[in-house]
Amino acid sequence: MTTRMGRRRLYVFDFDGTLSPIVPDRSAARLHPECRELLKELVRAPGRFVAVLSSREIEDLSRRVPLPGVILGGASGLEWRLPGGHRIRPGDEAQTRREKARAILAPLLSRFSSFPGVDVEDKGWSVAVHLRHVLPEAAAMLEPLLKELEETPGIRVFRGPSVAEAQLLPQANKSFGVRRLCRFLGLDPSKAQLLYAGDDENDAVAIRWVLRKGGIAFCVGKPMRIPGVRVAETPVDLARAVRELAAIGPRLEKGKGSKVVG
């Protein structure tokens, strides 16, 4: 990123599908080695803040991103762990609202759980309905249930690659998370340089906000229909593109098939 001297920079990355390739077993998701090196090098420069923002719970995320200096945001920004170990958590009112939403969703989630191939994951502040193992010929039968999930009052559903994720607090999305992080850091988003990278509908909300603020945004994998967003086909392509923007030399030789669309 070529910016005038003294301008602070905030890099925010989604985890699954962005810094880690999508894997059949979500518990096996790990930082790609090239993404790990990118994060380590980004945090070394003064004036740069680096964050990983995920819908995973903060404890889960911290095991997958064990890098000092990297800010971790869980539950789409409801939870934070700042360098030095300081934790920011939702208050009692948010906890009460979460439990009410969970009770409303319980019967529908039970129906999802009984559908062959569906895996329901409770992430604490959201519930993910994983569809990766549903047979193609049965996928259409799930649409009425997914529509019912999306129309449930008091929640918000984001679609991703083979998953539908219900946020138990509808205002908690990745845009909310990035805006909250800017406040914690004392960053004016109209004056700082922002970069965001993600791969699903929840990330798209943050991508639109960052682009409106004059920042740079990447979608990883399938292109998003958002004017101005750049496309990186894989986490490796993303790492290489961000290295170039941040003026960090290449760590590995570019392999065949690597592609970034500006």
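The values are calculated or read from the model by the stated rules, or taken from the named source; none is laboratory data. Remember, it's a predicted structure, so these values are computed and weren't measured experimentally. No Cβ is skipped: glycine too gets one built from the backbone with ideal geometry, and neighbour counts run over all protein chains shown. With ligands, DNA and RNA removed, areas are computed over all heavy atoms of the protein, side chains included. Shrake-Rupley method; radii C 1.70, N 1.55, O 1.52, S 1.80 Å.
Here segment 204-220 is the region considered, the condition is being β-branched (Val, Ile, Thr) and not in a helix (DSSP H, G or I), and the residue that is surrounded by the most Cβ atoms within 10 Å (Cβ to Cβ) is Val220.
Among the residues of segment 173-194 satisfying the criterion of being closer than 20 Å to Leu42 by Cβ and surrounded by 21 or more Cβ atoms within 10 Å (Cβ to Cβ), which is modelled with the lowest pLDDT?
Looking at residues that are closer than 20 Å to Leu42 by Cβ and surrounded by 21 or more Cβ atoms within 10 Å (Cβ to Cβ), I get Gln193.
Checking each residue in segment 228-246 for being of a type in the set (A, V, I, L, M) and open to solvent by less than 10 Å² (accessible area, probe 1.4 Å) picks out Ala232, Leu238, Ala239, Val242, Ala246. Within segment 29-45, residues that are closer than 18 Å to Ala232 by Cβ have Cβ atoms under 6 Å from residues that are open to solvent by 10 Å² or more (accessible area, probe 1.4 Å) and part of a helix (DSSP H, G or I) in these pairs: His32/Pro235; Glu34/Val236; Cys35/Pro235, counting only partners at least 6 apart in sequence or on another chain. Pairs meeting the criteria (first residue in segment 46-63 and closer than 16 Å to Pro189 by Cβ, second residue open to solvent by 10 Å² or more (accessible area, probe 1.4 Å) and in a strand (DSSP E or B), beta carbons under 8 Å, at least 6 apart or on different chains) are Gly47/Arg9; Arg48/Arg9; Phe49/Arg9. Of everything listed in (1) closer than 26 Å to Arg9 by Cα; (2) in contact with a Leu (Cβ under 9 Å, 6 or more places away or on another chain), the single unmet condition for Ala101 is (1). Looking at segment 79-101, I want the residues that are of a type in the set (Phe, Trp, Tyr) and have a partner that is at pLDDT 90 or above with Cβ atoms under 6 Å, at least 6 apart or on another chain. Which pairs are those? Listed by first residue and then by second, the contacts come to Trp80/Gly73; Trp80/Ile88.
Residue count for segment 124-147 satisfying the condition of being open to solvent by 20 Å² or more (accessible area, probe 1.4 Å) and within 19 Å of the chain's Cα centre (by Cα): 3.
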